[in-house]
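Notes to accompany the following structure.
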Amino acid sequence: MSKDRQPVRKPRWSLFIAALPAMVFGAIAAAFLWGLFNNDDGLPSTMIGRDIPAFDLPPIEGRGEGLSTADLRGEVSLVNVWASWCVPCRVEMPLLVELAQTDSVPIHGINLKDKPAAARRFLAELGDPYDRIGADSSGRTAIEWGVYGVLETFVIDAEGRIAYKHVGPFNRRSLEEDILPVVRRLQQEQGA
């Protein structure tokens, strides 16, 4: 009797359905690996080449001068958005302090949604590289600048336009290869 019986053949699409979860998993894993090892850290900014937004921030309580639009015209400068609660800010601060000691470019800060006492303690502990700091307690100025989150650094040209934006903490390599070349080029164009 078993001689008359032919083996049941499964349709070809059933093999495809059986392999589908493995293929989906493989595609997702490949996308995650690509994202993990892709070295393109650049995030687009619609603010590049545009005038900085009009703003006038008060100083951190207990500190001298705040920061406004007028302070960022007339010379090439850096604007660093930071907060005492920002862990990457602690990593970047020694490089900012070192850069400030060279007097090669003015460095200004926007202190984002921070308690004044915490901001002052942060600067006392890690050093204060800033010529001026504006306290953005509401976060409104940061939004107008197109800030994705703390920590971001902007290169501002002498006309008050955003020339470059670095998202996240910078290291020595990104400072020397990405940020400072823009500063030097703008300073040469300005005739400094």
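Points worth noting:
- Residue within segment 102-124 that is at pLDDT 95 or above, of a type in the set (Phe, Trp, Tyr), surrounded by 21 or more Cβ atoms within 10 Å (Cβ to Cβ) and not in a helix (DSSP H, G or I) present: no
- Per the listing LEU43, LEU36, the residue uniquely within 21 Å of ARG173 (Cβ to Cβ), part of a helix (DSSP H, G or I) and at pLDDT below 90 is LEU36.
- Residue tally, condition modelled with pLDDT under 95 and closer than 12 Å to ASN111 by Cβ, over segment 63-84: 1
- The selection criterion, being surrounded by fewer than 22 Cβ atoms within 10 Å (Cβ to Cβ), acidic (Asp, Glu), touching a residue at least 60 places away in the same chain (Cβ under 8 Å) and farther than 16 Å from GLU152 by Cα, holds for GLU75.
- The condition of being part of a helix (DSSP H, G or I), buried (at least 20 other Cβ atoms within 10 Å of the Cβ) and polar (S, T, N, Q) holds for only one of THR153, THR141, that being THR141.
The values are calculated or read from the model by the stated rules, or taken from the named source; none is laboratory data. Source: prediction; values computed, not measured. Ideal geometry is used to build each Cβ from the backbone, glycine not excepted, and the neighbour counts take in all protein chains shown.
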